[in-house]
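Here's the structure, in structure tokens; my notes come after.
The values are calculated or read from the model by the stated rules, or taken from the named source; none is laboratory data. Every value quoted in this text rests on a predicted model; they were computed, and no experiment measured them. Note: ideal-geometry Cβ built from the backbone for every residue, glycine included; neighbour counts use all protein chains shown.
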Amino acid sequence: MSNEIVHIAPHYGGGVGTVVRSLLESQLEAGYLLRLIAFESINQRMQDWARQYAVPCLENANLDGSKLNEWLSRADIVHLHWWNHPLLMQWMSDSNRVVFRCVLWSHVNGMHEPQAFFRELVTYPDQFVVATPYSLESEWLKNQLHSISIVQSAAKVKIFPSKPLRNLSMFTVGFIGTVDTIKMHPAFIDLCLNVAIPNAKFIVCGGPRHQELQNQVQALGKNAFFDIRGPVDNVEDVWTELDVLGYPLNSGHYGTGEQVLLEAMGAGVVPVVLDSGCERYIVEDGKTGIIAKSLDEYSAAISYLYLHADKRREMSESGRQKMQESSKKTLLQEWSVIYQHLLTVEKRHHTIPKRADLLNFSAAMQLVLQAYAGTDLSNKFINLLGRGRRPSQGDFSLGVFSATRGSPYHYLRFFPQDFELQALCKQLDSYKNKEFSL
């Protein structure tokens, strides 16, 4: 009898959807029985995929608790795709109703708020899996290495033919990914303009704040240097236009596998990144790309690749070879080992216990403070609610002001009537304009 795996996630959109579909397809080929649960609606692309492969889906799962619990209790393994999301955190704090085996795969590195690990999260599943070795630097994982597995978050990568050197009448640098300072470095425009190449062109693909980026470029009178396209449907076509992938992320970003870096190398496009965490585990500095130690080094690295075509060709080919080699190791093989071990574990109840020190807060505020318990922001939020010294202007990271990604504003979207969340976000508004600009 085939094992039944229930995958559960906040949603299956964006990069996570690509990675999960790659895993699901390999599991179907191996004979696993699959079900998909999402706490938000399931987008059209995933619905079409599920119909094609006859995979049952349950969307808006929090609205149908009986069916959710039925699917969880019958599963051989529950594969939880985790990042800080209000509806997922609410369910995990109240999921102690049925017994199941649980493996938690973190799709964030867990090192920075609002996507940080915390003590109760690590003990929630039967097996905790991270998607980058960078996560092992978390204080909550350092003493638990015996129970932590690493499976890089990556989908299949297309390997392009060797990339010929283009006529450099224009040198094209691309950015493909999240256009938002929770991920993109806030000095992105300056980093591009500081590149000492007279015929440089910067293509930017992605959202959601691409229009704000366009407005800033226009205000600077630099439209001629940028081609800001917003979200694109066919990234493969973009790779053929690029000489270099310029991918500077802010130092507190939440990423793990950074699929775009893998795709760049598969396409023979040399990546240039900042040394901000997981990137150092993906790009081999000087071999498959360049890891810049500073903002000045980043801009200089792109100029270097323009001036040294031989090194650019060498790194391009090394990246392609690395992706060809890594394609031999499949997600299915890695997860099969974890699943076989997990099947020897007895099913049990799983829950994130309510912390006694937070019980005098509203229900939604408890979720927020619990999710931020691995950082000092929990106390800062409490102080903003009038229970201590008011934080200073520079005390908040950019991610706190995002509309989504686990920020207090994200929680307020799902719990709009919570009076303490309303008060917290109102207080944060006074910091927002100065702290959160693209």
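Being in contact with a helix residue (DSSP H, G or I) (Cβ under 9 Å, 6 or more places away or on another chain), part of a helix (DSSP H, G or I), surrounded by fewer than 24 Cβ atoms within 10 Å (Cβ to Cβ) and hydrophobic (A, V, I, L, M, F, W, C) is the filter here; which residues of segment 263-300 pass it?
L295, the sole residue that qualifies.
How many residues are over 13 Å from the mean Cα position of the chain (by Cα) and surrounded by fewer than 24 Cβ atoms within 10 Å (Cβ to Cβ) if we restrict to segment 103-119?
Qualifying residue count for the region: 4.
I'm trying to understand the selection: among the residues of segment 285-319, which are charged (D, E, K, R) and in contact (Cβ under 8 Å) with a residue 60 or more places away in the chain?
Matches in segment 285-319: D296, R312, R313, E317.
Looking at segment 224-248, which of the residues that are out of contact with any helix residue (DSSP H, G or I) (no Cβ under 7 Å at 6 or more places or on another chain) and assigned to a strand (DSSP E or B) is surrounded by the most Cβ atoms within 10 Å (Cβ to Cβ)?
Looking at residues that are out of contact with any helix residue (DSSP H, G or I) (no Cβ under 7 Å at 6 or more places or on another chain) and assigned to a strand (DSSP E or B), I get R229.
This table checks each residue for (1) under 25 Å from Y281 (Cα atoms); (2) touching a residue at least 60 places away in the same chain (Cβ under 8 Å).
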{"position": "L193", "(1), (2)": "no, no"}
{"position": "G206", "(1), (2)": "yes, no"}
{"position": "Y247", "(1), (2)": "yes, yes"}
{"position": "G252", "(1), (2)": "yes, yes"}
{"position": "E263", "(1), (2)": "yes, yes"}
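Tell me whether segment 386-395 contains one or more residues that are in the same structural domain as L369 (by TED's automatic domain parsing) and within 21 Å of E212 (Cβ to Cβ).
no
Which one is modelled with the lowest pLDDT among residues in segment 315-334 that are of a type in the set (S, T, Y) and either within 17 Å of A131 (Cβ to Cβ) or in a helix (DSSP H, G or I) (or both)?
T330
Considering segment 198-222 alone, what residues qualify as being surrounded by 15 or more Cβ atoms within 10 Å (Cβ to Cβ) and of a type in the set (A, V, I, L, M)?
Within segment 198-222, A200, I203, V204, L213, V217 meet the criteria.
If you check V129, V179, which single one turns out to be crowded, with 21+ Cβ neighbours inside 10 Å and in contact with a Lys or Arg (Cβ under 8 Å, 6 or more places away or on another chain)?
Just a single option satisfies the conditions, and that option is V179.
Out of all the residues in segment 136-163, which are outside any loop (DSSP other than H, G, I, E, B) and more than 26 Å from L343 (Cα to Cα)?
E137
For segment 122-135, which positions are outside any strand (DSSP E or B) and either modelled with pLDDT of 95 or more or not aliphatic (A, V, I, L, M) (or both)?
T123, Y124, P125, D126, T132, P133, Y134, S135
In segment 353-373, how many are under 17 Å from L121 (Cα atoms) and part of a loop (DSSP other than H, G, I, E, B)?
Final tally of qualifying residues: 5.
Exactly one of (1) within 24 Å of the chain's Cα centre (by Cα); (2) at pLDDT 90 or above; (3) in a loop (DSSP other than H, G, I, E, B) is unmet by T344. Its number?
Every listed condition holds for T344 apart from (1).
Under 6 Å by Cβ, and 6 or more places apart or on different chains, what pairs join a residue from segment 73-95 that is farther than 17 Å from T123 by Cβ with one that is of a type in the set (S, T, Y) and modelled with pLDDT of 95 or more?
Taking only residues 6 or more apart or on different chains, the pairs are I77/Y339; P86/Y411.
What about V235, is it without any contact (Cβ under 8 Å) to a residue 24 or more places away in the chain, under 18 Å from K156 (Cα atoms) and under 19 Å from the mean Cα position of the chain (by Cα)?
No, not satisfied.
Collect the residues in segment 73-94 that are buried (at least 23 other Cβ atoms within 10 Å of the Cβ) and either of a type in the set (K, R) or within 13 Å of K347 (Cβ to Cβ) (or both), keeping them in residue-number order.
A75, I77, V78
Taking the conditions exactly as written (among the polar types (S, T, N, Q), surrounded by fewer than 13 Cβ atoms within 10 Å (Cβ to Cβ), farther than 29 Å from E4 by Cβ and without any contact (Cβ under 8 Å) to a residue 24 or more places away in the chain), does N360 satisfy them or not?
So N360 fits the description; yes.
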